[in-house]
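A.B. asks: Right, I'll just put the structure down here and ask away after.
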Amino acid sequence: MRRDVVPDPASSRDFYAFLTSVVVPRPIAWISSTSADGMDNLAPHSFFTIASVNPPIVQFTSVGRKDSVRNIEATGEFVVAFTPERLFEEVNATGTGFAPDVSEFDMVGLTREPSATVRPPRVLESPVALECRLHSTQEMGDCTLVFGEVLHAVVSEDVLDGDHPAIDALEPLSRLGRNEWGTAGEIRDITRIRLEEWPGHYGGPGTGTSV
């Protein structure tokens, strides 16, 4: 038996709670931004993904117009810090609703690291940072989608396996439903099946698909 769950504009928070319980796990964009007055802000946003490969553009969604959005629109720059499992408490703490004239860096005890190409600082304790220039924003209902072109990235040598970060060294933290958070858990390695390797391959033009 299944239960129907229908969005109701009069109780949107209920369906929001449902959506965030099934669209899981969600990677976290730990966004550092700087206001026009020079105040550094740091906040986690769990609606985060890659929007374009060439040029490299990442995208996060702010539910409501938070300090991150206002700062980025004012200055055109931001940094995405990676959120490892070991910084769980700090990431959660930066989601506290501090006033705009209070810096989460200072309240939580995180270290500012100068960025190479943008004004907002990187989080020194984070193993990876993406320095971004604002590409565009888009209003979507009660949310703001923020697109940023990645100008520069930095990664700690400690998490590299050759030229790429190793997932077991990164230990990514993610958001789940309610107040639940997730970690990587068991990692499985599997190669995508090529069409020509599919049993009983039928071939022919126009039959391939891409995911």
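The values are calculated or read from the model by the stated rules, or taken from the named source; none is laboratory data. Since this is a predicted model, take the numbers as computed values, not measurements. No Cβ is skipped: glycine too gets one built from the backbone with ideal geometry, and neighbour counts run over all protein chains shown.
A.B. asks: Suppose the filter is surrounded by 15 or more Cβ atoms within 10 Å (Cβ to Cβ), more than 16 Å from the chain's Cα centre (by Cα) and modelled with pLDDT of 95 or more; does Phe147 pass it?
C.D. replies: On the way: surrounded by 15 or more Cβ atoms within 10 Å (Cβ to Cβ): yes; more than 16 Å from the chain's Cα centre (by Cα): no; modelled with pLDDT of 95 or more: yes.
Taking the combined requirement at face value, the residue does not satisfy it.
A.B. asks: Write out, first by first residue and then by second, each pair whose Cβ atoms fall under 6 Å of each other, whose residues are 6+ apart or on separate chains, and whose first residue, in the stretch 166-181, is within 23 Å of Ser156 (Cβ to Cβ) while the second is surrounded by 13 or more Cβ atoms within 10 Å (Cβ to Cβ) and of a type in the set (Asp, Glu).
C.D. replies: Partner pairs satisfying both residue conditions: Glu171/Glu85; Leu173/Glu85.
A.B. asks: List, please: which pairs have Cβ atoms under 7 Å, are six or more places apart or on different chains, and start with a residue in the stretch 149-164 that is without any contact (Cβ under 8 Å) to a residue 60 or more places away in the chain and end with one that is of a type in the set (Lys, Arg) and assigned to a strand (DSSP E or B)?
C.D. replies: Close Cβ pairs (under 7 Å, with a partner that is of a type in the set (Lys, Arg) and assigned to a strand (DSSP E or B)) amount to Leu151/Arg133; Val154/Arg122.
Let's see how each residue does on (1) assigned to a loop (DSSP other than H, G, I, E, B); (2) out of contact with any Gly (no Cβ under 8 Å at 6 or more places or on another chain); (3) farther than 25 Å from Val24 by Cβ; (4) at pLDDT 95 or above:
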| position | (1), (2), (3), (4) |
| --- | --- |
| Ile50 | no, yes, no, yes |
| Asn54 | yes, yes, yes, yes |
| Thr61 | no, yes, no, yes |
| Ser68 | no, yes, no, yes |
| Asn71 | no, yes, yes, yes |
| Leu87 | no, yes, no, yes |
| Ser115 | yes, yes, yes, yes |
| Val118 | yes, yes, yes, yes |
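A.B. asks: Does the stretch 179-189 contain at least one residue that is surrounded by 16 or more Cβ atoms within 10 Å (Cβ to Cβ), over 30 Å from Arg13 (Cβ atoms), at pLDDT 95 or above and within 16 Å of the chain's Cα centre (by Cα)?
C.D. replies: Scanning the stretch 179-189, I find no residue that is surrounded by 16 or more Cβ atoms within 10 Å (Cβ to Cβ), over 30 Å from Arg13 (Cβ atoms), at pLDDT 95 or above and within 16 Å of the chain's Cα centre (by Cα), so the answer is no.
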